[in-house]
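The block underneath contains the structure these notes are about, expressed in structure tokens.
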Amino acid sequence: MVGITKETFGTRIILTGTKKNIANTEHSLKKRLSRRFSVIGETNNFSVIINGTPIKVEDRNYFHKIQYLWYYGDESQKYETLASNVEKVEKRPNVLDGGFKVSGWLGLVKESTMLTDGNENLNKIVLLMRGKISKEDMIEEFREGGLYIKYLFGEITADFLDDSKKPDIATSSRQDIVEEDSRYESLKDFLQNELKHLQRKRKEFKNEEGEKEALKIEPIEEWYKSLRGDTKEKG
């Protein structure tokens with residue numbers, strides 16, 4: 001049963017007679033709502049409170065999975081704080097052709113299995129407009145066959161797609177985008193280039209990791225120390 005009562009400010013929704021254990025329901029609800037609406041939080045003065053506790057961005061419960069992080073916009077401190085296990089962070093240009101701007105982040109995890117979260121698959125790039133999901137997965141737009149794609153997830157906000165002075169870009173169901181729109185094409189071109197950049201950087205990072213691991217082996221370390229000049233660089 002769902003009851004809705006008007007508050008002085010905002011709206012209260014009361015759930016009664018839930019069949020699942022309430023503790024599990026509360027946790028799941030917080031996680032799902034925080035993942036679906038980026039507008040939630042103090043920054044936007046928009047609170048969603050469950051059983052007296054406000055939902056926070058930390059309730060998405062996936063930032064700790066990120067090994068390599070790329071962000072767009074000026075929220076480096078926010079993302080680096082949330083991504084507690086991150087090893088590499090890079091700020092990327094966020095201006096598209098036409099002067100459009102995006103914000104958000106893309107991340108790669110160490111193991112692809114980390115993107116399986118119960119019944120939810122996190123291996124996707126969510127597109128948000130005005131604080132809510134507009135397209136569930138942008139990865140599906142690209143024919144990417146590289147292994148790196150299985151380790152990828154992220155959130156990209158493109159508010160320029162929701163311009164009241166231009167034709168509505170959302171489909172009638174409000175769950176997808178009119179793909180022929182030039183603004184959307186510009187976003188796809190931008191993301192395609194970013195994916196190629198991530199692919200190159202992941203390979204570079206993995207090579208660095210392999211070198212560090214190899215140098216932990218004593219005979220290899222001694223051999224490497226014996227090299228000189230250009231020989232050492234090539235080695």
Go over the candidates SER38, SER34 one by one and state the one that is of a type outside the set (D, E, K, R), touching a Lys or Arg at 6+ places or on another chain (Cβ under 6 Å) and open to solvent by less than 80 Å² (accessible area, probe 1.4 Å).
SER34
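Conditions tested, residue by residue: (1) among the aliphatic types (A, V, I, L, M); (2) at pLDDT below 85.
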{"residue": "ASN45", "(1), (2)": "no, yes"}
{"residue": "ARG60", "(1), (2)": "no, no"}
{"residue": "PHE63", "(1), (2)": "no, no"}
{"residue": "TYR71", "(1), (2)": "no, no"}
{"residue": "VAL89", "(1), (2)": "yes, no"}
{"residue": "PRO93", "(1), (2)": "no, no"}
Please give the number of the condition ASP163 fails out of (1) charged (D, E, K, R); (2) at pLDDT 80 or above; (3) under 30 Å from PHE46 (Cβ atoms).
(2)
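Table: residues versus (1) aliphatic (A, V, I, L, M); (2) at pLDDT 95 or above; (3) farther than 23 Å from PHE46 by Cα.
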position	(1), (2), (3)
TYR68	no, yes, yes
ASP117	no, no, yes
LEU128	yes, no, no
LYS135	no, no, no
GLY146	no, no, yes
SER173	no, no, yes
ILE177	yes, no, yes
Pick from region 74-130 the residues that are touching a residue at least 60 places away in the same chain (Cβ under 8 Å) and surrounded by fewer than 17 Cβ atoms within 10 Å (Cβ to Cβ): which of them is nearest to ARG202 (Cα to Cα)?
LYS88
Can you find a residue in region 54-61 that is under 16 Å from GLY10 (Cα atoms), open to solvent by 40 Å² or more (accessible area, probe 1.4 Å) and not in a strand (DSSP E or B)?
no
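Where residues in region 41-53 are outside any helix (DSSP H, G or I) and of a type in the set (S, T, N, Q), which of them is surrounded by the fewest Cβ atoms within 10 Å (Cβ to Cβ)? It would help to see each step written out before you state the result.
The first filter runs over region 41-53 and keeps only residues outside any helix (DSSP H, G or I), leaving 41, 45-53.
Filter once more, keeping what is of a type in the set (S, T, N, Q): 45, 47, 51, 53.
On the way: ASN45: 7, SER47: 12, ASN51: 10, THR53: 11.
Across region 41-53, the extreme among qualifying residues is ASN45.
The values are calculated or read from the model by the stated rules, or taken from the named source; none is laboratory data. Everything numeric here is computed off the predicted structure, so don't read it as measured data. All Cβ positions, glycine included, derive from the backbone under ideal geometry; neighbour counts span all protein chains shown. Heads up: the accessible areas ignore ligands, DNA and RNA and are worked out on the full protein's heavy atoms, side chains in. Shrake-Rupley method; radii C 1.70, N 1.55, O 1.52, S 1.80 Å.
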